[in-house]
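Below: one structure in structure tokens.
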Amino acid sequence: MPNLRTSGPRSRRSRRRPRTRGQALVEFALVLPAFLLVLSGILDFGFLLYSRMTVISAAREGARQAIIASDPTTIPGVAQGKVLSMSTGLVVGNIGVKTACVAIATSGSCSFASATSSQAGDAVQVNVNYSYHTFFPLLFGQTIDLGSSVQMVRE
């Protein structure tokens, strides 16, 4: 009488199972680095996009706050304060804010030095620069400079 444990299709399948488990482990080890690289690239790009949208929004809000300021000498401080308050989620030390007066209503030039040097009808330009530091520098580089410039007419 033949021994059932050593002959037939059942014994062949039982010998192959440990090899398939090892094969799945090797495939996983080969695919894991590529998967993590793609995942980190997606996350880094998402944070970069969030930072870009935040910089644009902060520049708009800073310019809007600057054009409704009653005293022209406070416009640079008001714009910078609003930009920094709107920059949630960003590193404040990497943000640069510049405010300029663009003469539209007056002939010549305008500035924010005195109350008479800038008037309604002149424009306020707010430039916001941000240096984004990447999480995974092999994909995009160490830092990416983001910026936005908004110009609005004073009321």
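Can you say whether Val97 is among the hydrophobic types (A, V, I, L, M, F, W, C), modelled with pLDDT of 95 or more and part of a helix (DSSP H, G or I), as far as the supplied structure shows?
No: the conditions fail for Val97.
Give me the residue from the stretch 119-155 that is modelled with pLDDT under 85 and within 15 Å of Ala63 (Cα to Cα) and, out of that set, nearest to the chain's Cα centre (by Cα).
Taking the candidates together, the pick is Glu155.
Every residue, every condition in (1) of a type in the set (Val, Ile, Thr); (2) touching a His at 6+ places or on another chain (Cβ under 6 Å); (3) under 18 Å from Tyr130 (Cα atoms), yes or no:
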site: Leu32; (1), (2), (3): no, no, no
site: Phe35; (1), (2), (3): no, no, no
site: Phe45; (1), (2), (3): no, no, yes
site: Ser57; (1), (2), (3): no, no, yes
site: Ala79; (1), (2), (3): no, no, yes
site: Asn94; (1), (2), (3): no, no, yes
site: Val97; (1), (2), (3): yes, no, yes
site: Ile104; (1), (2), (3): yes, no, no
site: Phe112; (1), (2), (3): no, no, no
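For the stretch 24-65, what are the residues that are out of contact with any Leu (no Cβ under 7 Å at 6 or more places or on another chain), of a type in the set (Val, Ile, Thr) and either farther than 30 Å from Val83 by Cβ or modelled with pLDDT of 95 or more (or both)?
Val26, Val31, Val38, Ile56
Residues of the stretch 116-137 being without any contact (Cβ under 8 Å) to a residue 12 or more places away in the chain and either under 22 Å from Val83 (Cα atoms) or part of a loop (DSSP other than H, G, I, E, B) (or both), which ones?
Thr116
Being assigned to a helix (DSSP H, G or I) and either touching a Cys at 6+ places or on another chain (Cβ under 8 Å) or of a type in the set (S, T, N, Q) (or both) is the filter; apply it to the stretch 76-94 and report the residue that is surrounded by the most Cβ atoms within 10 Å (Cβ to Cβ).
Initial filter on the stretch 76-94 (assigned to a helix (DSSP H, G or I)): 76-86, 92-94.
From what is left, the residues that are either touching a Cys at 6+ places or on another chain (Cβ under 8 Å) or of a type in the set (S, T, N, Q) (or both) are 80, 85, 94.
Values: Gln80: 20, Ser85: 12, Asn94: 16.
Ranking the qualifying residues of the stretch 76-94, first place goes to Gln80.
The values are calculated or read from the model by the stated rules, or taken from the named source; none is laboratory data. This is a predicted model, so every value here is computed, not measured. Note that we place each Cβ from the backbone using ideal geometry, even for glycine, and neighbour counts take in every protein chain shown.
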